[in-house]
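Enquirer: Once you've had a glance at the structure underneath, I'll fire off some questions.
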Amino acid sequence: GGFYRQMLSFITYFFVQNKESKDLLTSLGYQNVTLSGDTRFDRVAENAKNKIELKEIEAFCGSSKVLVAGSTWPADEELLNTIIESYPNWKFIIAPHEISETNLQQLEKQLLGKTIRYSNLKAHKSALPQVLIIDNIGLLSSLYAYGTIAYIGGGFGKGIHNTLEAAAYGLPVIFGSNYQKFQEAKDLIELKAGFSISNQAELNNCFKLLQADTHKEAGKQAKAYANSHTGATAQILKKLLA
């Protein structure tokens, strides 16, 4: 629209994430544009490189394989419940998107006493349950370091949350069907490092597929993808400081 095109004239320089954006600006007569990539890749790669040790999380996981479910919503948690019941030898870490007391209690009720909250983990002395519920903000990006597979929430709502954080740690990522606005999700699917599911049966099949060493190759591809797209921050800073 005309209004938004007028706004573009006030921008000194454009750094864009993909060729489509650069081509669009060029077609409108703007040459002050660089295809720099996405600075999020730099952030998640740095997080993975300098991972934070969480002793309580390490103790909870033990020697078990672990699914880390990040930014989940009720629709995601309902699907995960069946997987939790079917794989008692696995550990599950669930970080809900909404951590209100009402939502936490609903999740605990749904999982029938198989859970412990992160806030209670340090004081817990008996055998640890199968599911850890993260009831604080800011921990999720460090949790993927302890995972085997990641499930990213939001794909049955407005759109999936951050897949790159898990990919940077070398985890294959599973997510719901609403991922079309996220180029990285499409790229991960193409690399067989990301898996979109639409229902319980598809999640069951996907998780079963990743049981064997398949998850190792998928995770390797995910990590390689995340690392290969770094450099946007340095490129932008170089231009700004020139």
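Enquirer: Looking at the structure I just gave you, is Leu203 within 24 Å of His229 (Cβ to Cβ) and in a helix (DSSP H, G or I)?
Expert: Details: within 24 Å of His229 (Cβ to Cβ): no; in a helix (DSSP H, G or I): yes.
No, not satisfied.
Enquirer: Something else about it: Of the residues that make up the range 169-177, is at least one under 24 Å from Gln211 (Cβ atoms), open to solvent by 40 Å² or more (accessible area, probe 1.4 Å), of a type outside the set (Phe, Trp, Tyr) and in a loop (DSSP other than H, G, I, E, B)?
Expert: Within the range 169-177, one or more residues are under 24 Å from Gln211 (Cβ atoms), open to solvent by 40 Å² or more (accessible area, probe 1.4 Å), of a type outside the set (Phe, Trp, Tyr) and in a loop (DSSP other than H, G, I, E, B).
Enquirer: Cβ contacts < 8 Å: first residue within 20 Å of Ile137 (Cβ to Cβ), restricted to the range 67-81; second residue of a type in the set (Phe, Trp, Tyr) and surrounded by fewer than 22 Cβ atoms within 10 Å (Cβ to Cβ), any location; separation 6+ or different chain. Result?
Expert: Listed pairs, sorted by first residue: Val68/Tyr146; Trp73/Phe156; Asp76/Phe156.
Enquirer: Please indicate, with yes or no, whether at least one residue in the range 72-89 is more than 17 Å from Tyr151 (Cβ to Cβ) and open to solvent by 20 Å² or more (accessible area, probe 1.4 Å). Walk me through it before giving the result.
Expert: Narrowing the range 72-89 to residues more than 17 Å from Tyr151 (Cβ to Cβ): 88-89.
Applying the additional criterion that residues be open to solvent by 20 Å² or more (accessible area, probe 1.4 Å) yields 88-89.
So far as the range 72-89 goes, yes, one or more of its residues are more than 17 Å from Tyr151 (Cβ to Cβ) and open to solvent by 20 Å² or more (accessible area, probe 1.4 Å).
Enquirer: Take the residues of the range 22-71 that are in contact with a strand residue (DSSP E or B) (Cβ under 7 Å, 6 or more places away or on another chain) and closer than 20 Å to His124 by Cβ: which is surrounded by the most Cβ atoms within 10 Å (Cβ to Cβ)?
Expert: Here the residue is Val68.
Enquirer: Considering only residues that are part of a loop (DSSP other than H, G, I, E, B) and under 18 Å from Val66 (Cα atoms), look in the range 114-134 and name the one that is modelled with the lowest pLDDT. I'd like the intermediate steps shown before the answer.
Expert: The initial filter retains those residues of the range 114-134 that are part of a loop (DSSP other than H, G, I, E, B), namely 114, 121-130, 134.
Of the ones still in play, those that are also under 18 Å from Val66 (Cα atoms) are 114, 121, 127-130, 134.
Details: Lys114: 91, Leu121: 93, Ala127: 88, Leu128: 91, Pro129: 95, Gln130: 97, Ile134: 98.
This residue is Ala127.
Enquirer: When you go through (1) assigned to a helix (DSSP H, G or I); (2) surrounded by 20 or more Cβ atoms within 10 Å (Cβ to Cβ) one by one for Ile94, which number turns out not to apply?
Expert: Every condition holds for Ile94 apart from (1).
Enquirer: When the residues of the range 178-194 are filtered to those that are outside any loop (DSSP other than H, G, I, E, B) and among the aliphatic types (A, V, I, L, M), which remaining residue is most open to solvent (accessible area, probe 1.4 Å)? Let's see the steps before the verdict.
Expert: We begin by selecting, within the range 178-194, every residue outside any loop (DSSP other than H, G, I, E, B); these are 183-190, 194.
Next, from what is left, pick out any that are among the aliphatic types (A, V, I, L, M): 185, 188-189.
Details: Ala185: 0, Leu188: 0, Ile189: 55 Å².
Among them, the one singled out is Ile189.
The values are calculated or read from the model by the stated rules, or taken from the named source; none is laboratory data. Fair warning: this is a prediction, and the values are worked out from it, not measured in the lab. In this analysis, Cβ positions are derived from the backbone assuming ideal geometry, glycine residues included, and neighbour counts consider all displayed protein chains. Protein only, heavy atoms only, side chains kept; ligands, DNA and RNA dropped before computing areas. Shrake-Rupley method; radii C 1.70, N 1.55, O 1.52, S 1.80 Å.
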